[in-house]
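Novice: Okay, handing you the structure first.
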Amino acid sequence: MSMTTLVILRFAGIFAAYTGLTVLLPAIMFRRILAGRGLSEQFLMCYTFGNFYIINIVFAVQLLHISGFWALVLFTAVSGILIWSRVNRVSLRELCIKTGIICKKILQGSMGMRGALYRVCNRIKAVLKRSVRLFYYKVICNTLQWILVGTVIIALFWIYGRNLLLTYGYCASDIPVHLNWINEMVRGNLFSDGVYPFGFHCMIYYLHTVFRVDTYAILCVFYLVQVFFIHMVLLAVMKLLCRSLYLPYAGVLVYILGNLWAKQTYSRFGASLPQEFGMIFVIPSVYFLISFFQTEKEKLKTRETKLLSGCFALAFALTLAIHFYGTMIAGLCCIGIAVGFCPRFLNKEYFKRIMMTGIISVFLAVLPMGIAFAGGTPLQGSLGWGLSVINGGKSEEASSEDITMEEMAARLNENSKNNIKSNNAKSMQTKRIPAMTETPEKIKNTWNMMAQRIGEFIINLPEQWCAYAVLIGIAVVILLGLIFIILRKTTYGEMLMSAGFCMGILTLLLCASGLGLPMLMDPARCSIYYVYLLILTLTVLMDGILYLIFMHRLFTIPRNVLSFILTVFIVGSMLHQGMIKMPGFGSDYVSNGALTCLSNIIKENKDKTWTIVSANDETQMGLDHGWHYETITFLRNMEYMNKDTKLIIPTKNVYFFIEKIPLNYAVLYSGSGQSISKKAASQSLPNSGGITMYQGEGRWILMSRMYYWAQAFKERYPNDMKVYYESEDFVCYVMPQNMYHQYNFAIDYGYNQFRTQEDKN
């Protein structure tokens with residue numbers, strides 16, 4: 001089986017398993033509650049509960065120290081059956097009695113197998129009949145919308161899915177850290193590096209443990225599952241908020257296809273990361289809170305309102321359980337919604353219920369982490385930074401584990417610009433400006449600075465007016481909301497105002513450093529959330545304009561027709577103008593050859609009978625199957641040799657991973673992209689620690705040393721050492737061993753040093 005085929009099958013299996021757990025299972029459990037609702041709302045409710053359900057099951061079994069396959073399966077099944085019976089008002093006792101009676105009749109012979117099969121067939125027929133009816137009304141009667149849904153999915157896989165086939169490895173430097181934490185969960189060590197939002201890790205751990213897929217394999221493909229649900233959730237929320245049928249498809253297609261957005265707004269979509277996973281639940285939090293405030297006062301005590309507030313609590317809790325950045329954005333959006341629905345928010349009944357819901361959601365998310373912290377587990381380092389920010393610290397103090405190289409460069413660039421601005425400001429202070437012109441000048445400078453920041457981090461177009469258009473669009477949304485309130489379309493108008501206020505607050509967050517406000521989030525990270533919510537805001541803005549023109553019920557069909565025409569026009573214009581993005585998510589961390597070899601090694605060998613000698617990345621990948629020996633340790637052990645130097649690796653097979661064209665590992669140097677060479681091998685080994693020795697020029701030196709060691713060793717043992725796999729940029733050697741006569745891998749390969757000249761002779 002080719003590696004491409006294997007990757008496709010892995011993705012299909014993981015996608016099916018994740019979707020089944022988070023969408024289909026809740027749909028069965030809450031069938032009675034979901035009946036009569038639109039498909040989009042059903043999807044949001046199921047997806048929110050499904051993720052909350054699975055993540056907290058993992059938390060429970062981990063904290064009880066009973067984690068494993070059977071514990072997870074039993075907790076999922078038993079809890080699911082109990083919830084299903086209660087929600088759908090099915091008596092388990094009566095069901096068991098009826099089943100027992102039927103079994104008794106079969107055993108006694110009073111009911112034959114034919115009669116039993118007849119009953120089963122009738123039940124299956126009834127289910128199939130309901131399914132066909134549902135398919136007709138939900139799909140056949142909405143063919144055009146499902147064609148657009150198909151278009152969205154095709155666009156997703158065209159932009160992001162191709163990378164699955166081109167790059168087998170992961171595309172972020174902090175994946176090994178998360179892989180290590182998940183592997184520690186397998187060994188019963190929750191929060192092994194300290195208390196941290198572990199929702200993402202819980203989900204990956206569940207998929208690994210229950211479905212028997214290697215963790216590294218899940219992390220290599222799960223990014224596409226994340227990306228799929230990021231966009232599906234966005235589409236579902238926009239469909240629920242908009243009055244026109246087709247504009248939401250235009251919005252999500254512009255988000256996927258449009259080469260309008262700065263690269264940092266979507267570059268992290270190529271990796272399976274907690275921030276992007278937690279990002280999915282920000283918009284459901286927004287929708288459920290808006291829906292709560294749109295509920296009339298006399299209906300606040302109804303079961304429906306309790307359900308909406310409960311869904312909001314679960315969605316907000318998920319942001320907190322997965323990544324604090326998502327919680328920060330969701331919290332700021334809640335403030336914007338509270339301002340938009342100000343009259344209702346200040347009402348005693350609404351205020352009491354939403355504050356209670358917020359407290360419950362925080363409690364649900366913090367409870368597992370609080371239990372671990374109370375048990376003596378310290379906070380993870382990045383949380384200490386987060387607390388310092390809350391206490392008035394600076395965001396620049398973030399740990400290096402949580403900041404990518406690109407973000408570091410962006411931050412340095414930003415700081416230099418801020419220094420220039422501060423110097424300019426100091427020079428301006430020497431000039432006397434009349435008091436009456438000072439305020440307008442400040443407003444103008446602030447306006448220009450915000451536009452500049454949007455142009456730098458958000459918009460990928462050279463035209464300066466595009467950044468100003470974004471700011472104007474935010475203001476127009478608020479104004480349009482006021483118009484609808486005047487026209488007595490209060491809840492719709494307040495929704496528009498909420499969207500505008502949310503974006504206004506996020507704009508302040510994006511421009512915090514320039515406004516003298518605490519920089520709670522790096523602008524590069526903030527831009528990811530900003531564009532996500534900006535698409536929602538601009539879509540509801542267009543919807544509001546259409547609804548204002550075609551407000552009367554008689555104009556519903558013209559409004560929908562025009563929205564379809566606009567959707568086709570917008571997407572067609574992007575295609576015609578060549579404004580389609582071509583993201584390249586090539587991995588600078590793991591080569592395709594390394595992933596191919598690792599998969600084959602695991603498949604072809606018994607566990608714990610092999611060792612891979614490679615850079616740091618494979619350390620955690622094959623942890624459940626074999627052993628790993630780091631390249632730097634291997635080379636250092638024979639750097640200063642004498643006649644007694646030994647380097648023994650006691651496994652049946654030893655594999656050596658060597659990059660003929662070394663990866664940069666996110667750090668460029670003057671010779672980036674060059675092949676291994678004798679020049680590199682003749683240089684001293686990197687003397688740094690951590691992953692820095694595998695970055696830039698250091699990796700070039702290490703791989704060159706390993707290659708010439710392999711040539712020397714192969715020359716010494718030509719009949720034993722073989723090429724296991726080779727491509728243009730990668731080679732893997734295998735050395736089979738007799739376990740009773742193991743090789744000494746420490747040799748003079750021409751580039752290592754000796755203790756004394758006498759030892760060399």
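Any read-out appearing in this document is the output of simple, stated calculations on the displayed coordinates, not a laboratory observation. On a predicted model such as this, the values are computed, not experimentally measured, just so you know. Neighbour counts run over all protein chains shown; Cβ positions are idealised from the backbone, glycine included.
Novice: In whole angstrom, note down how far apart the Cα centers of region 1-76 and region 282-304 are.
Specialist: 25 Å
Novice: Using the per-residue mean of other Cβ atoms lying within 10 Å as a proxy for protection, in what order, highest first, do the peptides 339-346, 450-457 fall?
Specialist: Values: 339-346: 17.8, 450-457: 20.6.
Descending packing order for the listed peptides: 450-457, 339-346.
Novice: Moving to a separate point now. Please state the shape class of region 547-628: rounded when a/c is under 1.5, otherwise prolate if a/b exceeds b/c and oblate if not, all from the C-alpha gyration tensor.
Specialist: Prolate, since a/c reaches 1.5 and a/b exceeds b/c.
Novice: Mind sorting out which of (1) 101, 60, 49; (2) 104, 96, 56; (3) 110, 70, 49 is the real Cα extents along the principal axes in Å computed from the coordinates?
Specialist: (2)
Novice: Dipole size in debye (nearest 20) for the chain around its Cα centre, Lys and Arg Cβ +1, Asp and Glu Cβ -1?
Specialist: Using only the charged Cβ atoms, the result is roughly 3580 debye.
Novice: Taking R0 as 22 Å, what FRET efficiency do you get between SER2 and LYS652 from their Cβ-Cβ distance, rounded to the nearest 0.05?
Specialist: E(calc), rounded to 0.05, equals 0.25.
Novice: Can you tell me the order of 525-537, 302-314 when each peptide is scored by its average per-residue count of other Cβ atoms within 10 angstrom, highest first?
Specialist: 525-537, 302-314
Novice: So how strong a dipole does region 620-731 carry about its Cα centre when Lys and Arg Cβ are +1 and Asp and Glu Cβ are -1, to the nearest 20 debye?
Specialist: The calculation lands at about 340 debye.
Novice: While we're looking at this one, here's another question. Relative contact order for region 556-639 using alpha-carbon pairs under 8 Å, separation at least 6, rounded to a whole percent?
Specialist: 19 percent
Novice: Then there is this: Which length gain, in nm to one decimal place, applies between LEU487 and ILE661 when the Cα-Cα distance is subtracted from 0.36 nm times their residue separation?
Specialist: This chain segment gains 56.0 nm when fully extended.
Novice: Could you list which residues have their amide H under 5 Å from that of TYR629, counting only those 5 or more apart in sequence or on another chain, with H placed in the peptide plane?
Specialist: Under 5 Å from the amide H of TYR629: ILE612, VAL613, SER614.
Novice: What FRET efficiency do you get for LEU95 and GLU728 if R0 is 51 Å and r is their Cβ-Cβ distance, rounded to the nearest 0.05?
Specialist: About 0.25, to the nearest 0.05.
Novice: I'd like the distance separating the alpha-carbon centroids of region 209-226 and region 455-498, in whole Å.
Specialist: 39 Å
Novice: Express in nm, to one decimal, how much length is gained between LEU240 and THR19 on full extension, taking 0.36 nm for each residue of separation and deducting their alpha carbon distance. It would help to have the intermediate numbers written out before the result.
Specialist: Working: separation 221, 0.36 × 221 = 79.56 nm, distance 2.12 nm.
Residue separation times 0.36 nm, minus the Cα-Cα distance, leaves 77.4 nm.
Novice: Now for a separate question. Can you give the helix-only mean residue ellipticity at 222 nm for the chain, where every DSSP H stretch with n ≥ 4 adds -39500 (n - 2.57) and the sum goes over all residues, rounded to the nearest 500 deg cm²/dmol?
Specialist: Helix contribution divided over all residues of the chain: -21000 deg cm²/dmol.
Novice: Contour minus end-to-end for ILE83 and ALA12, with contour as 0.36 nm per residue of separation and end-to-end as the Cα-Cα distance?
Specialist: Contour length minus Cα-Cα distance gives 22.7 nm.
Novice: Can you find, among GLN674, MET693, TYR629, the residue farthest towards the positive end of the dipole of region 592-760? Put +1 on the C-beta of Lys and Arg, -1 on that of Asp and Glu.
Specialist: TYR629
Novice: Here is a further query. Given the peptides 171-181, 470-480, 81-91, arrange them by the average over their residues of other C-beta atoms within 10 Å, most packed first.
Specialist: On the way: 171-181: 20.8, 470-480: 17.9, 81-91: 13.1.
Packing order, densest peptide first, comes out as 171-181, 470-480, 81-91.
Novice: State the number of lysine pairs found in region 592-760 whose Cα atoms come within less than 16 Å, restricting to pairs 8 or more positions apart or on distinct chains.
Specialist: 9
Novice: Moving on. Based on the Cβ-Cβ distance of TRP146 and LEU566, what FRET efficiency does E = 1/(1 + (r/R0)^6) give at R0 = 22 Å, to the nearest 0.05?
Specialist: Efficiency for this residue pair is about 0.70.
Novice: Say a paramagnetic label sat at a point 7 Å from the Cα of THR556, along Cα to Cβ; which residues of region 235-271 have their backbone N under 18 Å from it?
Specialist: 239-248
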